[in-house]
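Input: a single structure, listed below in structure tokens.
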Amino acid sequence: MSHEGHYREAHPLIFVFQHWVNLICMAGLAFSGFVIHGSFYAISMGGARMIHFTLMFVLAVNITSRIILSFWVKDANQLGTREVDTDIKNWLPQKENKHQLLETAKYYLFMRKERVISAKYGALQKIAYLATVPITFFMGYTGFALYGPAQQWPVWGFFAGGISLVGGIMTMRIIHYFGMWVVILFTMVHAYLAAIDGFKAFYGLIFLWRESPGAEEGH
Amino acid sequence: MAQEMREGIYDLLAARGVSRRDFLKYCGSVAAMLGLSEMAAPQIAAAVEGGAKLQPAVWLDLGLCTGCTESTAQAGNPNVADIVLDLLSINYMETIMAAAGDQAEEAKAKTIEEGGYILIVEGTVMTGEGGNTLRIAGKTGMEVLKEAASKAAAIVAVGSCAVDGGWVRANPNPAGGKGVKDVAVELGFDKVPIINLPTCPVNPEWIVAVVIDVLMLGALENLAVLNLDELGRPKLIFGQTIHDNCPRRGHFENGEFVKQFGTVEEVKQFCLYEVGCKGPQTFTNCPKVRWNRKASWCVESGAPCIGCGNLNWVDNDAPFLKRMPNVGGVRPETIGTVLGGAAAAGLLVHGVASFSSGRAKGAPVETSKAYDKKKGGDK
């Protein structure tokens, strides 16, 4: 009755690799961002910025390619199975998750005891993961808006419009700063929920691509 | 005739202790500010020399501290900039004009009637209490502006107050302070080109550059030569950040910062970023042009930039010695830390509850969805 099996079909190697890239980029971006914001750690500011920019480009390419790959790569769409289908189906509405958003929230708030029926990604989980895409690109946009004014790019109007919209470059800086906290909070909750729902199984698969059998199979 | 004018201006310069060489050097620096090659210096000199065609101007004082006038007048040590500014025939300027009362108002009315003048506006447009928060000669400041702007060839808003309300419009803004551009449609002069020269106060060198543009490059006939950005500021003056041209930039790159005033880092003139310098988001060429006859400027004299060249600069940049302004009266760093701390505490409590309830070892999965059960029950 415990956990379902965690098979490699749930997270193909390419996605495990991309998950690593995401993690390294986000951690590096948050750290170098803090250095740029407050220089609490006396390293070269040019170095911190170079790291920040590089990781941002890597992250943008990684996420974009992840989206493209989802149309090609086949992986499991359900929990504890080796049956595969196109990955994009994980990101569209699935019948297993229908009417389960509120129930999932109730479970995490201890308002119900049983875990809810779900597809590989639960309703709440799927929304949170999908939200990381616009948030990441939004962070890229706000970052470029902070960096760009002196660059005189032909596309500068695209960013200048955003700066005018929010009421100035300082407001854009604060939005970028709070955006980083949103990413940090997401990562905290994400890492916690993966750990509490079966640390060894989840972490083993997503980081080391190590399979673990379900509770039923283990006995 | 032209020769006489030329000699006239050099006599004027000589009388003020400025040699021809100094004059040409200055023209070279103006050329640089206008984005021209130094080869343009003789052209600029010729424009100034031949600038006997005085450009009529009206200088309006609205809600102001007169700092921009002080900055522009720079009394006590006349230089080449004064000669250029003398090319403006300022027919009305409350602070310096000899005339007073009806006589002064008549001079202004006459200039307005003739049209084609440059209107220089200093100070905030006070819209509060139906515009009655500022009254000049029996009229509201808004009426005065409307009247003066109607026939102007161009408006030059000098200083942050005239550009967007400056410090006067800082919260809670009881006087309803606004910039000239903000009321252009309401007061019916939105067709008149507006050139914005922010900072508090305005740097006279920028006014000189605009005057040269008008005299030499025919900016009034073809505004494109001013190369204004979307906020109406000349790009060549307001196109780069202070940070980009800061003499302390090397210390920034090396991670060498003043973290507190009165420390050895301050003596070493390290970067002021940590004590709130707004140079990275302030777009002016202060480090190049400098202030007070090129004597120095804020950062060079040891103070962090407070971002007076930004829009709504007081609300956006105060507290001046902090990196970012408060959000709802609270430091953004505090908000972020509290959110992060609250999330960590929440997750810790959740974790303890998950372990103590045995859920962490694996909770049973429902056999059918709650929704379906409810639906089935209804049946």
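The values are calculated or read from the model by the stated rules, or taken from the named source; none is laboratory data. What you are looking at is a predicted structure, and each value in this text was computed from that prediction instead of being measured. For neighbour counting, all protein chains shown are included, and Cβ atoms are generated from backbone atoms with ideal geometry for every residue, glycine included. These area figures cover heavy atoms from the full protein model, side chains too; ligands, DNA and RNA do not enter into them. Shrake-Rupley method; radii C 1.70, N 1.55, O 1.52, S 1.80 Å.
Tabulated data for the structure shown
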quantity: Residues of the stretch B:108-134 that turn out to be of a type in the set (A, V, I, L, M), more than 15 Å from residue B:159 (Cβ to Cβ) and crowded, with 19+ Cβ neighbours inside 10 Å, as a count; calculated: 3
quantity: Filter result for residue B:238 (open to solvent by less than 10 Å² (accessible area, probe 1.4 Å), more than 19 Å from residue B:321 (Cβ to Cβ) and either modelled with pLDDT under 95 or within 14 Å of chain A (Cβ to nearest Cβ) (or both)); calculated: yes
quantity: Residue pairs meeting the criteria (Cβ under 6 Å; at least 6 apart or on separate chains; first within 23 Å of residue A:4 (Cα to Cα) and facing chain A (nearest Cβ under 7 Å), in the stretch B:360-376; second open to solvent by 100 Å² or more (accessible area, probe 1.4 Å) and among the charged types (D, E, K, R)); calculated: none
quantity: Residue list for the stretch B:13-38, filter: at pLDDT below 70 and in a helix (DSSP H, G or I); calculated: B:38
quantity: Filtered residues of the stretch B:101-158 (kept if under 22 Å from the mean Cα position of the chain (by Cα), among the hydroxyl-bearing types (Ser, Thr, Tyr) and closer than 24 Å to residue B:72 by Cα); calculated: B:124
quantity: From A:89, A:95, residue being within 14 Å of chain B (Cβ to nearest Cβ) and over 19 Å from residue B:364 (Cβ atoms); calculated: A:95
quantity: Helices (runs of 4 or more DSSP H) contained entirely in the stretch B:313-379, each with at least 1 residues that are within 30 Å of residue B:272 (Cα to Cα); calculated: B:313-317, B:332-356
quantity: Residue within the stretch B:342-351 that is within 7 Å of chain A (Cβ to nearest Cβ), under 15 Å from residue A:114 (Cβ atoms), open to solvent by 40 Å² or more (accessible area, probe 1.4 Å) and of a type outside the set (Lys, Arg) present; calculated: no
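One line per residue, one yes/no per condition, for (1) open to solvent by 20 Å² or more (accessible area, probe 1.4 Å); (2) hydrophobic (A, V, I, L, M, F, W, C); (3) within 14 Å of chain A (Cβ to nearest Cβ):
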site	(1), (2), (3)
B:269	yes, no, no
B:281	no, no, yes
B:284	no, no, yes
B:292	yes, no, no
B:311	yes, yes, yes
